[in-house]
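Engineer: Input: one structure, supplied below.
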Amino acid sequence: MTSVASFPPANASALPQAYDQLSRCLAILPALERHGAVFHESELALYAMLFAGKPGAEVDLFLQATLGELAPGDDTRKAGLATSLLSYLDHGRHARATATALGIHINTLKQRLDAVTTLTADWREPTRQLEIHMALRVWSLRTP
């Protein structure tokens, strides 16, 4: 059983909104295909708006369309690149903080980002970066 945790609403008038939000979060869980996982509502809220009630195939299409050649699938090399890029984006594009978080040398991170550029040349463009960041977050929610 997969679960969603949340903070209690501040007051009774916030209960309907909290219920709606948690319902959407619960509705995305089948598409994530993560059985036995526990998520915080804040991890799912944005993606629940996009994918609640959709089948896992819709998420697969989104990931493939957005990530293209970077989509990891079962490729461990691409999964490593995706993990590195997600960490880089999560750390505000700060290479040293990312390398530290990943436990790798900064030159290794730069090589990985160069490899990402080879697969997805436009990933540094602001709009594409946002799309890719969102897709990588959805991918990470699906990955145990």
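Quick grid of which residues meet (1) surrounded by 13 or more Cβ atoms within 10 Å (Cβ to Cβ); (2) free of Cβ contacts under 8 Å to residues at least 60 places away in the same chain; (3) within 30 Å of Leu119 (Cβ to Cβ):
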{"position": "Val4", "(1), (2), (3)": "yes, yes, no"}
{"position": "Asn11", "(1), (2), (3)": "no, yes, no"}
{"position": "Leu22", "(1), (2), (3)": "yes, yes, no"}
{"position": "Leu32", "(1), (2), (3)": "yes, no, yes"}
{"position": "Val59", "(1), (2), (3)": "yes, no, yes"}
{"position": "Leu67", "(1), (2), (3)": "yes, no, yes"}
{"position": "Pro72", "(1), (2), (3)": "yes, no, yes"}
{"position": "Ser84", "(1), (2), (3)": "yes, yes, yes"}
{"position": "Arg96", "(1), (2), (3)": "no, yes, yes"}
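Engineer: Moving on to the next point. In segment 98-114, what count of residues is obtained for those that are in contact (Cβ under 8 Å) with a residue 24 or more places away in the chain and of a type in the set (Ser, Thr, Tyr)?
Structural biologist: The initial filter retains those residues of segment 98-114 that are in contact (Cβ under 8 Å) with a residue 24 or more places away in the chain, namely 109, 112-113.
Restricting the remaining residues to those that are of a type in the set (Ser, Thr, Tyr) gives none.
Going through segment 98-114 one residue at a time, the tally reaches 0.
Rundown of residues vs (1) hydroxyl-bearing (Ser, Thr, Tyr); (2) under 17 Å from the mean Cα position of the chain (by Cα); (3) closer than 14 Å to Arg142 by Cα; (4) part of a helix (DSSP H, G or I), yes/no style:
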| site | (1), (2), (3), (4) |
| --- | --- |
| Phe7 | no, no, no, no |
| Tyr19 | yes, no, no, yes |
| Leu46 | no, yes, no, yes |
| Val59 | no, yes, yes, yes |
| Lys78 | no, yes, no, yes |
| Leu81 | no, yes, no, yes |
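Engineer: Could you tell me whether segment 82-96 includes any residue that is of a type in the set (A, V, I, L, M), modelled with pLDDT of 95 or more and more than 25 Å from Tyr47 (Cα to Cα)?
Structural biologist: Keep residues of segment 82-96 that are of a type in the set (A, V, I, L, M), which gives 82, 85-86, 89, 95.
Of the ones still in play, those that are also modelled with pLDDT of 95 or more are 82, 85-86, 89, 95.
Applying the additional criterion that residues be more than 25 Å from Tyr47 (Cα to Cα) yields 95.
Within segment 82-96 (the criterion being of a type in the set (A, V, I, L, M), modelled with pLDDT of 95 or more and more than 25 Å from Tyr47 (Cα to Cα)), the answer is yes, since at least one residue qualifies.
Engineer: What are the residue pairs meeting all of these: first residue in segment 115-144, first residue closer than 13 Å to Leu32 by Cα, second residue in a helix (DSSP H, G or I) and open to solvent by 40 Å² or more (accessible area, probe 1.4 Å), Cβ atoms under 8 Å, and 6 or more apart or on different chains?
Structural biologist: Here the result reads Ala135/Phe62; Val138/Phe62; Ser140/Thr83; Leu141/Glu43, each pair linking segment 115-144 to a residue that is in a helix (DSSP H, G or I) and open to solvent by 40 Å² or more (accessible area, probe 1.4 Å).
Engineer: Can you name the number of the only condition in (1) open to solvent by 50 Å² or more (accessible area, probe 1.4 Å); (2) not in a helix (DSSP H, G or I) that Ile104 fails?
Structural biologist: Only one criterion in (1) open to solvent by 50 Å² or more (accessible area, probe 1.4 Å); (2) not in a helix (DSSP H, G or I) is unmet by Ile104, namely (1).
Engineer: Still on this model: Within segment 107-129, can you find the residues that are open to solvent by 30 Å² or more (accessible area, probe 1.4 Å) and assigned to a helix (DSSP H, G or I)? So that I can check it myself, show each step before the final result.
Structural biologist: Of segment 107-129, the ones open to solvent by 30 Å² or more (accessible area, probe 1.4 Å) are 107-108, 110-112, 114, 117-119, 121-122, 124-128.
If the condition is that a residue be open to solvent by 30 Å² or more (accessible area, probe 1.4 Å) and assigned to a helix (DSSP H, G or I), then Asn107, Thr108, Lys110, Gln111, Arg112, Asp114, Thr117, Thr118, Leu119, Pro126, Thr127, Arg128 are the ones that fit.
The values are calculated or read from the model by the stated rules, or taken from the named source; none is laboratory data. None of these values were measured; they are calculated from a predicted model. FYI the Cβ positions are ideal-geometry reconstructions off the backbone, even for glycines, and counts take in every protein chain you see. Ligands, DNA and RNA are stripped out before the accessible areas are found, and what is left, the full protein with its side chains, is counted by its heavy atoms. Shrake-Rupley method; radii C 1.70, N 1.55, O 1.52, S 1.80 Å.
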